[in-house]
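Input: a single structure, listed below in structure tokens.
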Amino acid sequence: MEASGGVGGAFLKDVVAYVEVWSSKGTENYSRTFAKQLEDMGATVSKTLNKQVTHVIFKDGYQSTWDKAQKTGAKLVSVLWVEKCRMAGALVDESLFPAVNTDEHLPNLSRKKHKCMQPKDFILKTPENDKRLQKKFEKMAEELQRQKAALDDDVPVLLFESPRSLVYSSPVNVMKRRLQDMKEKRENLSPTSSQMLEQSQQNPCVSLFETSLNISHQPLSSGVKNGPGRPDPSDSSCTGLVRPQQKPKKSEKEEKPTRTLVMTSMPSEKQTLIIQVVSTLKGFSFAPEVCETTTHVLVGKSARTLNVLMGIARGCWILSYEWVLLSLELGHWISEEPFELSETFPAAPICRLERHLSTQQYQGTLFANQPKMFIAPASSPPRAKLCELVLLCGGQVSPAPQLASLIIGPYKGKKKARIQYLSEKWVLDSITQHKICDFNNYQLLQ
């Protein structure tokens with residue numbers, strides 16, 4: 001047995017855990033990731049299931065493991081229990097996150113990694129050869145027809161967008177009403193309601209993808225310092241900021257998914273698990289930073305990074321890590337809405353719905369009625385990125401300060417009375433809240 005108390009504290013010091021977590025087909029072993037997380041919380045992780053084990057983290061494991069855990073009295077919990085303990089910083093009630101053993105109800109069909117317990121003469125029950133299943137199937141069909149007949153424009157619909165993927169889809173008029181409600185609520189927000197986000201310090205957990213990139217992994221407060229590989233602040237060009245649509249390259253073996261997923265502020269062990277789950281469930285390719293093909297941004301810690309802001313501006317899903325965990329539990333991608341970080345990033349659901357309702361390539365309208373802006377060369381985040389954010393949100397960017405009515409970022413030239421001089425934080429806060437923040441709170445002093 002091995003134990004180690006990590007940076008997260010030792011609040012699980014009394015837990016002795018045995019981890020057996022597999023993909024639903026039994027071909028991918030995810031145990032190591034959860035064992036590492038448990039050790040970081042102070043738990044002891046055992047390599048064998050013995051009498052000292054207090055908790056078994058179980059998903060699609062061996063039937064013998066399940067039986068032995070029940071015999072020894074160890075608590076059988078799902079992978080969600082591990083994440084909830086980490087979020088709470090304490091041992092969470094195990095009864096709220098029980099493990100599920102599908103083998104108690106279903107045959108263990110050909111698993112490459114698990115021994116098959118299915119008898120040779122086993123006949124799979126179907127509606128065609130089992131009367132009980134047939135009646136159940138007919139009842140479900142009748143209920144579906146009844147709901148279909150009663151359906152009108154005011155009833156939200158659950159649709160299957162791709163195989164085994166249940167997606168929430170509201171009819172257009174319902175979505176428009178929800179969008180209007182969201183925008184009205186933004187009007188009542190204090191200009192400083194999201195300033196708690198700016199107190200975040202730079203996240204020590206650097207993405208596997210983001211280490212070689214600009215600043216996509218860093219929380220943005222009033223800005224981020226320039227560093228290696230970042231745009232030259234002296235470059236005053238703002239052309240070509242929004243990348244042109246690129247057609248995905250087709251592989252000879254299989255076509256690469258056109259939807260891209262971006263991870264930000266995500267610890268390395270969680271990245272490893274996400275990569276495994278995406279490899280198993282399919283449907284996404286990974287991108288190092290948000291671009292026009294990105295539909296989902298996974299946030300490890302709720303820091304306002306450049307990738308989060310780009311995701312909001314492009315109308316992407318901004319989701320917590322739990323979306324991947326529960327999808328892993330159920331063996332397919334589940335509805336994203338319950339895992340959207342709408343409280344931390346109020347603009348996220350508004351822009352996402354706008355993108356959904358858009359009949360053309362989506363462009364936001366947040367800055368559409370604002371004066372032409374000049375982004376100062378010494379801006380932080382870098383000028384090119386700020387220009388891209390403003391353009392994505394419908395704003396106008398001026399190539400020269402003389403042609404602008406708003407100057408964003410440090411400006412050393414002579415100030416004119418007709419021009420507003422604002423910090424970069426005004427752009428970041430306005431995008432986060434989906435509301436034009438009061439200029440008076442962001443004035444730059446000489």
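Please treat every number below as a calculation from the coordinates, not as lab data. Owing to the predicted nature of the structure, the values given are computational and were not obtained by experimental measurement. Here Cβ is always computed from backbone atoms with ideal geometry, including for glycine, and neighbour counts include all displayed protein chains.
For the stretch 2-104, the alpha carbon positions stretch 36, 26, 26 Å along the principal axes, listed from largest to smallest.
Taking every DSSP beta bridge that has both ends in the stretch 2-104, the antiparallel portion is near 35%.
Regarding the stretch 282-371, what's the average projected area of the Cα-atom convex hull, expressed in nm²?
Values: hull surface 27.2 nm².
Projected over every direction and averaged, the Cα hull of the stretch 282-371 covers 6.8 nm².
Computed over Cα pairs, the Kirkwood radius of the stretch 332-417 leads via Stokes-Einstein (0.692 mPa s, 37 °C) to a diffusion coefficient of 217 µm² per second. The fewest-to-most ranking of K412, K59, K256, K68 by surrounding Cβ atoms within 10 Å reads K412, K256, K68, K59.
Scalar couplings 3J(HN,Hα) for the stretch 381-387, obtained by applying the Karplus form with A = 6.51, B = -1.76, C = 1.60 to θ = phi - 60°, are x, x, 3, 4, 6, 5, 4 Hz; x denotes Gly and Pro. Take every Cα pair under 8 Å whose residues are at least 6 apart in sequence, average their separation, divide by the length of the stretch 2-104, and the relative contact order is 29 percent.
Got a sec? How would E340, E292 order by Cβ neighbour count within 10 Å, fewest to most? If you can, show how the numbers build up before the last one.
On the way: E340 18, E292 14.
Taking fewest neighbouring Cβ atoms as first place, the list is E292, E340.
Could you size up the charge dipole of the stretch 373-442 around its Cα centre, putting +1 on the beta carbon of Lys and Arg and -1 on that of Asp and Glu, and report it in debye to the nearest 20?
On the way: 9 positive and 4 negative charges, 70 e Å.
Roughly 340 debye for the stretch 373-442.
Write out the trypsin sites (Lys or Arg not before Pro) in the stretch 295-343 meeting two conditions: DSSP loop, and at most 16 other Cβ atoms within 10 Å of their Cβ. Before the final figure, lay out the partial values.
Numbers: sites: K301, R304, R314; in loops: K301, R304, R314.
Filter output for the stretch 295-343: K301.
Just the Kirkwood number for the stretch 257-322, please: inverse of mean 1/r across all distinct Cα pairs, in Å, one decimal.
Working: mean 1/r = 0.0854 Å⁻¹.
Answer for the stretch 257-322: a Kirkwood hydrodynamic radius of 11.7 Å.
Extension gain for N369-E337 works out to 8.5 nm (0.36 nm per residue, less the C-alpha to C-alpha distance). Fully extending the segment from R132 to K47, taken as 0.36 nm per residue of separation minus the present Cα-Cα distance, adds 26.3 nm. When the Cα positions of T102, L80, F34 are compared along the charge dipole of the stretch 2-104, F34 comes out farthest toward the positive end, with charges on each C-beta of Lys, Arg, Asp and Glu. For the listed residue pairs K256/K385; K47/K68; K59/K270; K36/K71; K372/K416, the alpha carbons are over 19 angstrom apart in K256/K385; K36/K71. How big is the antiparallel share of DSSP beta bridges in the stretch 11-67, given as a percent to the nearest 5? The answer is about 10 percent antiparallel. Based on the Cβ-Cβ distance from K13 to T272, what FRET efficiency comes out when R0 is 25 Å, to the nearest 0.05? With a Förster radius of 25 Å, E is 0.50.
Which number do you get for Rg(Cα) / (2.2 N^0.38 Å) in the stretch 373-442? Mind showing how you got there, number by number?
Numbers: Rg = 11.2 Å, N = 70, 2.2 N^0.38 = 11.1 Å.
Dividing the Cα radius of gyration by 2.2 N^0.38 Å gives 1.01.
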